[in-house]
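Below is one structure, written out as structure tokens, with a few remarks after it.
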């Protein structure tokens, strides 16, 4: 069970989110605006914050900036509504971990929080290999994704050992990698369409389970190459599916597309990484995170 702080000036929305999280087994703390939320965090830091963006006194963007500066280990998930897209994009750049459109809270909030908590860095990080000039890794993975969390944690540890010690950045890199790896397994190899989730997750999960045991999907693999140097980390993630044309995906950097399911992963990748590019076939993505001078 995680302790989650929910921040919203609209009482009805506040109670709705608290009920959703309580049903998912989380302990909920409430705040009516960003200033009240910071007071709650000072009393006892939660495991995660879920916040509205448009609030009086102190809005969601200012809250994200304050949490990032004072409590970088606490991830923040945004609740976006029509008219708040520009603020949401700025909040992601300022340190938020992810977002959920308000109209999709019942469907997506719990799974989004689970993903964020799964990649949030934790524990004291030593530096046993800080003298290592370069490290290369190669993986060939199935589509069940039980390797996802330990692999992302391993990559975060490598980044820490090479000087990336900002907890928020580590979490954001983890989110970008989580999206890219999941996309390769689910959308690439298993050819699952995001539109299946529009009316709930059941049809999506049922087809995923079917294709995990069905050819040609079952034998396809996710290939991951990771290279770490003192200057940067580069991750190349390739699936064995048909590929896609990135040009047909809605512009994920346009804040107006925040509410769309299609392109959500790309939005997070391009916001959190320094360079994101696809091969011509569309079945391989390269993610680069550079060390700040």
*So for the chain: antiparallel DSSP bridges make up what percent, rounded to the nearest 5?*
60
*Would you mind calculating the relative contact order of the stretch 135-290 from Cα pairs under 8 angstrom and at least 6 residues apart, reporting the percent as a whole number?*
28
_Could you tell me the calculated FRET efficiency between residue 90 and residue 288, based on Cβ-Cβ distance and R0 = 22 angstrom, to the nearest 0.05?_
0.45
*Find how much the distance from residue 135 to residue 214 grows on full extension, using 0.36 nm per residue of separation minus their present alpha carbon separation; answer in nm with one decimal.*
24.9 nm
*Provide the FRET efficiency to the nearest 0.05 for the residue 231-residue 73 pair, computing r from the beta carbons and using R0 = 22 Å.*
0.30
*asked:* Can you tell me, using C-alpha contacts under 8 Å and at least 6 residues apart, the relative contact order of the stretch 3-119 as a whole percent?
replied: 23
*Would you mind calculating the relative contact order of the chain from Cα pairs under 8 angstrom and at least 6 residues apart, reporting the percent as a whole number?*
15
*With each run of n ≥ 4 DSSP H residues scored as -39500 (n - 2.57), what mean residue ellipticity at 222 nm is computed for the chain after dividing by its residue count and rounding to the nearest 500 deg cm²/dmol?*
-11500 deg cm²/dmol
*Distance between modelled label sites at residue 279 and residue 35, nm, 7 Å Cα→Cβ extension*: 5.5
*Taking the Cα atoms of the stretch 26-101, what is the range of coordinates along each of the three principal axes, in descending order and whole Å?*
32, 25, 21
_Paramagnetic reach from residue 19 in the stretch 38-64 [backbone N under 20 Å; point 7 Å along Cα→Cβ]_ = 50-52
*By per-residue mean of other Cβ atoms within 10 Å, what is the highest-first order of 100-111, 67-78?*
67-78, 100-111
*With only alpha-carbon atoms counted, please give the Rg and Dmax of the stretch 5-151, in Å.*
17.1, 54
_Taking a cut-off of 24 Å, what percent of all Cα-Cα pairs in the stretch 135-290 are separated by more than that?_
33
*Sites residue 157 and residue 45 - FRET efficiency at Förster radius 22 Å, r taken between beta-carbons, to 0.05*: 0.45
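Every number in this text was worked out from the coordinates using simple rules, so none of it is lab data. Note that this is a predicted model, so its numbers are computed, not measured. Cβ coordinates were reconstructed from backbone atoms using ideal geometry, including for glycine residues, and neighbour counts include every protein chain displayed.
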